[in-house]
Amino acid sequence: MKRHMHTFLSGAKSRLLPASVPFRFFGAACVYHVLAWVALFAGADQFPHFSGGLGWPLAALHLITLGVLTMTAMGASLQLLPVATRQPVFALRAPAVIWWIYTPGVAALALGMGTGQTLLLTGGATSVVAGLAVYGALLAHNLYGARGMPNVIAHGWVALASLAVLLVTALSLAYSYGGVPILTRPLALALHVPFAAYGFMGMLVLGFSCVLVPMFALSPAIDERSVLVSCIFAAIALLGVGVAAFGIAPARLRIAALVVGSVAVVVHLRLMRHALATGLRRSLGGSFMLVRIAWGLLVASLLAALGIVLELPMAGLPTLFGMLLVAGWLLTILVGLLQRILPFLASMHAIPGSRRPPTPSTLTAPRPLAIHFYCHLAALCCLAVATMTDSPNLTRTAAVTGLAGALAFAAFFALVLWRRRHPVAMTPVRTTSVA
Amino acid sequence: MAFLRQVSRALDDEHRTNLELLGRIEQAFARASQAGMATDPDLVRLAGSFSRQLEQDIGRHFDFEERELFPRMAEAGDGDMATLLGEEHDAIRELAAELLPLARAAAKGGLAIDGWDTFRRSSLEMVDRQVAHIQKETMALLPMLDDLLDEETDRNLAFAYVSD
């Protein structure tokens, strides 16, 4: 009780948000995770050769990007950034306002995309953009006054700049269906995909990985100069892709951007490998297995992007690229890290009255996570083969398998919340082992 | 992250030493069979180190943080974080009090089989609690000291801590 009273008393200067704030974002992400696989099932006939345009594949894509990835990133960053940047939470009510604007907006947008109802689509897009704009303002305020952790701050600024590009292009693409585009469709698309995935989400993931991976692995401080080098190379790569979108030496600039981006990724992955190798915590379980697989899929997405730029004669390559990038890298690393973050955050907000507050490992649920692990990887494999063989049936198999995994993940989330209120006896899970 | 203050570095070093010991204890328990724990020389030796850590290091480390650092955090508006860390100290102290007689008895070879089982379970709980607690301090307390302590205070506190 003491802590809750103090949280109230310390008011706006606090760095800890009430549990309800990050958890409402994570809860919504779990729901949209389930709905994304349902939407993919509905669009299984179009998915293998999907190259844009309204329909359920587009809805599934945005349920993942906006509903799961961005939703999770907002929930995590709203709590982690004030701690990492030594800044108090600026506006305690703003995160809840963001959630209320953004969450129904994602649902409307996805439904509009799936059913082809442009009014629903543009209304949802407006709501999503408004929510993200408020989030961007909070992010900017936090980064502006930030102290410490220059690696997170640098990545944060690049993510914020990418968010600005993302919002303009998103509005343009959405309103083009209503007949009032801001930019031409090819330009908007050429900016939207890389700045949304590699720019906004990617840079947040890379930046937070530099904090979360050493923290969970209990490794010594990672080399901040190398992190900055990686960030600068990534920013240059994004700039190159941005210029190329305007038709200036597009092929050469995109290849150069891929080379520079690959350097950024190599530097980042070397840092991560070093952190895991030198950490006191070696056995990090299935969560970090997913993180490692995601890193491999990040590299694979860059190779697929190169294949597209070089116009390799390979069926389904653009769809495969999107799959590797969004479901492969971003979704896999987020669900991997979230398996650690959720019990960790929940243990910080234990319900008063228990004899000893629960620890993260007693709040986790290994069985649903094991089911999710296998289903998620099986779904990714099925999707990859489905795109290469143009197989709707395999896409349906992937959707059903992914759905089972998403339901297992949602069960894990529900169990974390349940155990937070009803602590179980201390039987620490073995994956917390150190050294 | 690299810490600028001597106090942060000293506490971080202690955290790492502490984690290494806990890791060795956890591994030793994982290796030893239920029946063989009492006669495992590695476990018996580690129980001695563990009892010293429980008896001396935890109290000294926690007392210092609660006396010198948490009030400064609270003054800077970060009282909820200080309270959270303080509550975790209480839980770890309580567990340490339960563990200490078991660790002492284990080190002297005077712990019965069922006592070893309790010792194992409580030790693993201690690993779990300390890991989570150190992760929070590394993320939220130690970097904060760059702002909370000026150079002179840092020097004085670091000197006082190592002399304690």
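No value in this document is a laboratory result; all are computed from the given coordinates. This one's a predicted model, so the numbers in the text were calculated from it and none came from an experiment. Because the Cβ atoms are built from the backbone with ideal geometry, glycine has one as well, and the counts that use them run over all protein chains shown.
Stick to the Cα atoms of the stretch A:159-231, pair each with every other, and give me the Kirkwood hydrodynamic radius in Å at one decimal. Walk me through the numbers before you get to the answer.
Values: mean 1/r = 0.0720 Å⁻¹.
Here the Kirkwood hydrodynamic radius works out to 13.9 Å.
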Checklist outcome for this item: Across all Cα atoms of chain B, Rg and the largest Cα-Cα distance (Dmax), in Å, are 17.3, 54
Item to check | All-pairs Cα distance distribution in the stretch A:114-187, expressed in whole percent, bin size 5 Å | outcome: 3, 15, 21, 18, 14, 11, 8, 6, 3, 0
Checklist entry - Hey, got the dipole for the stretch B:21-130? About the Cα centre, +1 on K and R Cβ, -1 on D and E Cβ, debye to the nearest 20? => result 720
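Suppose R0 equals 30 Å. What FRET efficiency, 1/(1 + (r/R0)^6) with r the Cβ-Cβ distance, do B:Leu100 and B:Ala2 give to the nearest 0.05? Show your work: numbers first, answer last.
Numbers: r = 35 Å, r/R0 = 1.17.
Efficiency for this residue pair is about 0.30.
How large is the helix-only mean residue ellipticity at 222 nm for chain B, computed as the sum of -39500 (n - 2.57) over DSSP H runs with n ≥ 4, divided by its residue count, in deg cm²/dmol to the nearest 500?
Details: 8 runs with 119 residues, N = 164.
Mean residue ellipticity, 222 nm, calculated: -23500 deg cm²/dmol.
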Checklist outcome for this item: A correct Stokes-Einstein calculation for the stretch A:243-390, using the alpha-carbon Kirkwood radius, 10 °C and 1.306 mPa s, returns a whole-number D in µm² s⁻¹ of 89
Checklist entry - For helix B:79-107, what angle does its Cα long axis make with the longest principal axis of chain B, in degrees from 0 to 90 and rounded to 10? => result 30
Item to check | Check: chain A dipole with +1 on Lys, Arg Cβ and -1 on Asp, Glu Cβ, in debye | outcome: 1700
Checklist entry - Cα axis of helix A:203-217 to longest principal axis of chain A: angle in degrees, 0 to 90, nearest 10? => result 30
Checklist outcome for this item: Per the Cα gyration tensor, the stretch B:68-164 corresponds to an equivalent ellipsoid with semi-axes, largest first in Å, of 34, 16, 10
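When a footprinting reagent is the concern and you count Cβ atoms within 10 Å, what order do A:Asp223, A:Asp390 take, fewest first?
Values: A:Asp223 17, A:Asp390 14.
The fewest-first ordering by Cβ neighbours comes to A:Asp390, A:Asp223.
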Checklist outcome for this item: Computed about the Cα centre, the charge dipole of the stretch A:299-425 from +1 Lys/Arg and -1 Asp/Glu charges at the Cβ has a magnitude in debye, to the nearest 20, of 920
Item to check | Kirkwood-type radius of the protein assembly as shown, with distances r between different C-alpha atoms, in Å | outcome: 25.2
Item to check | Selected from A:Ala146, B:Ser33, A:Ala275, residue furthest toward positive end of dipole (the protein assembly as shown; charges at beta carbon) | outcome: B:Ser33
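How many percent of all Cα-Cα pairs in the stretch A:1-148 sit more than 27 Å apart? Present the calculation step by step, with values, prior to reporting the outcome.
Working: 3362 of 10878 pairs.
Tail of the P(r) past 27 Å holds 31 percent of the pairs.
Fewest Cβ neighbours within 10 Å first, please rank A:Ser219, A:Ser162, A:Ser226 accordingly. List each step's numbers first, then the result.
Values: A:Ser219 19, A:Ser162 25, A:Ser226 16.
So the ranking, lowest neighbour count to highest, is A:Ser226, A:Ser219, A:Ser162.
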Checklist entry - Add -39500 (n - 2.57) for each DSSP H run of 4 or more in chain A, then divide by its residues: what number comes out at 222 nm, to the nearest 500 deg cm²/dmol? => result -24500 deg cm²/dmol
Next on the checklist: Can you tell me the orientation of helix A:118-144 relative to chain A, as the angle in degrees between its alpha-carbon axis and the longest Cα principal axis, to the nearest 10?
Outcome noted: 50
Checklist entry - Among A:Leu120, A:Leu78, what is the fewest-to-most ranking by other Cβ atoms within 10 Å? => result A:Leu120, A:Leu78
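Between B:Arg121 and B:Ala160, how high is the FRET efficiency from 1/(1 + (r/R0)^6) when r is the Cβ-Cβ distance and R₀ = 25 Å? Nearest 0.05.
Working: r = 37 Å, r/R0 = 1.47.
The value I calculate is 0.10.
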Item to check | Separation of alpha-carbon centers, the stretch A:41-87 and the stretch B:47-71, rounded to whole Å | outcome: 45
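Could you work out the Rg to Rh ratio of the stretch A:285-355, with Rh taken as the Kirkwood radius (inverse of the mean 1/r over all Cα pairs)? Walk me through the numbers on the way to the answer.
Details: Rg = 17.8 Å, Rh = 13.9 Å.
Computed over Cα atoms, the ratio is 1.28.
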Item to check | Nitroxide proxy distance, nm - points 7 Å out along Cα→Cβ at B:Glu152 and A:Ala164 | outcome: 4.4
Checklist entry - What is the Cα centroid distance between the stretch B:1-21 and the stretch B:108-162, reported in whole angstrom? => result 10
Checklist entry - Which of A:Leu239, A:Ala60, A:Ala133 sits closest to the plus end of the dipole of the protein assembly as shown, meaning its Cα is farthest towards the positive end, when Lys and Arg get +1 and Asp and Glu get -1 on the C-beta? => result A:Ala60
Item to check | Extreme residue, positive dipole direction of the stretch B:94-164, given options B:Phe119, B:Leu157, B:Gln130 (C-beta unit charges) | outcome: B:Phe119
Checklist entry - A:Ser20 versus A:His422, label points 7 Å from Cα toward the beta carbon: distance in nm? => result 2.2
